[in-house]
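What follows is a set of notes on a single structure, which appears directly below.
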Amino acid sequence: MNAVYVLWIRQIKRYLRSRARIIGALGQPLLFLVALGYGIGPIYRKAGGGNFITFLVPGIIAQTLLFTSIFSGSEIIWDRQFGFLKETLVAPVSRFYIMLGRTLGGATIAVFQGLLVLVLSHFLGFRVVNTWMLPLAIVFMFVIGLMFTALGTAIASRLTDFQAFQLIINFVVMPLFFLSGALFPISGLPPALAIVTRLDPLAYGVDALRGTLSNASQLGIINDAWVLAVLTLVFLALGTYLFQSVEV
């Protein structure tokens, strides 16, 4: 278990040393919040939807968690190319513990980025409806981070270059985000789109955050919790299986 802790802390230290990475990861969420929050906000309010910022922020936090966690898988490719992964894998440590430590580190970084977006959204007018639910929201953030870090690890375990990883991840990330209900309500959708949305893992993360931060869950927080828990275990198992066969 010491290996898990060491790799966990190493991931976080690597992240904290890169201020450009921290700031750069906030660019896209803030753009969405400002452009959509203030651009579509008046239309949303006139349509009787209320404050669009209140609706939008949980979805943008989920987007931040998705992008940050799943792209953390690229570090496996980086470490493979520069030899660190080989040094790690030859150590007398189970690959499961190596994968778990990296995944916990990626999830922790994703939660940190999500909390930064939550803090910054306060200056744009967002308010947590029930502060007692904030700890539960952070738990959901961590579970979402674990799930997609494991997915990123699974994908990176089968690839050897950054370009292929970025192409595949973009092919995966964009549909996950745009079909999750992060930018639109998932009630009243056409039947086909409603089915696709229910098959999107991120949709349950968005709904869980919307329920805990804005008290506006549409799927039910308990339903979100068990779906996220099951999917996280599935992705962790998949990531572990594929990481076991990594060659350096």
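The numbers here are math on the coordinates, done by the rules we state, and not lab data. The shown structure was predicted, so the numbers you read here are calculated from the model rather than taken from an experiment. As a convention, Cβ positions derive from the backbone with ideal geometry for all residues, glycine included, and neighbour counts pool all protein chains shown.
Largest first and in whole Å, give the semi-axes of region 89-150's equivalent ellipsoid, each being the square root of 5 times a Cα gyration tensor eigenvalue. Before the final figure, lay out each step's value.
Numbers: eigenvalues 202, 26, 10 Å².
Over the Cα atoms of region 89-150, the ellipsoid semi-axes are 32, 11, 7 Å.
Quick one: pull the percentage of alpha-carbon pairs in region 2-244 with a separation above 30 Å.
25
Set Lys and Arg Cβ to +1 and Asp and Glu Cβ to -1, take the dipole of the chain about its Cα centre, and tell me which of P190, V173, T240 lies farthest positive.
V173
Can you put V129, V173, V139, V111 in order, fewest other beta carbons within 10 Å first?
V129, V139, V173, V111
What dipole magnitude, in Debye to the nearest 20, does region 2-244 give about its Cα centre under +1 on Lys/Arg Cβ and -1 on Asp/Glu Cβ? Provide the component values of the computation, followed by the final result.
Working: 16 positive and 7 negative charges, 87 e Å.
So the magnitude is around 420 debye.
Taking +1 at the Cβ of each Lys and Arg and -1 at the Cβ of each Asp and Glu, which of V227, S217, L159 sits farthest along the dipole of region 131-248 towards its positive end, judged by Cα position relative to the Cα centre?
Checked the options; the winner is S217.
Taking each full run of DSSP H in the chain as one helix, which ones are at least 24 Å long along their axis (Cα atoms) and have mean Kyte-Doolittle hydropathy of at least 0.5?
Taking the DSSP H segments of the chain (at least 24 Å long, mean hydropathy at least 0.5), we get 19-39, 52-71, 95-122, 134-156, 221-244.
Springs between alpha-carbon atoms under 10 Å, Gaussian network over the chain: tell me which of Y38, Y97, Y204 tops the mean-square fluctuations.
So, out of Y38, Y97, Y204, the one fluctuating most is Y38.
What number, rounded to the nearest 500 deg cm²/dmol, is the helix-based mean residue ellipticity at 222 nm of the chain, given -39500 (n - 2.57) per DSSP H run of at least four residues and division by all its residues?
Values: 12 runs with 190 residues, N = 248.
My calculation for the chain gives -25500 deg cm²/dmol from helical runs alone.
Mind running the shape call on region 168-238? Use the C-alpha gyration tensor, a ≥ b ≥ c as the square roots of the eigenvalues: rounded below 1.5 for a/c, prolate if a/b tops b/c, oblate otherwise.
It comes out oblate by the Cα gyration axes.
So what is Rg over Rh here for region 100-232, counting just Cα atoms and using Kirkwood for Rh?
0.98
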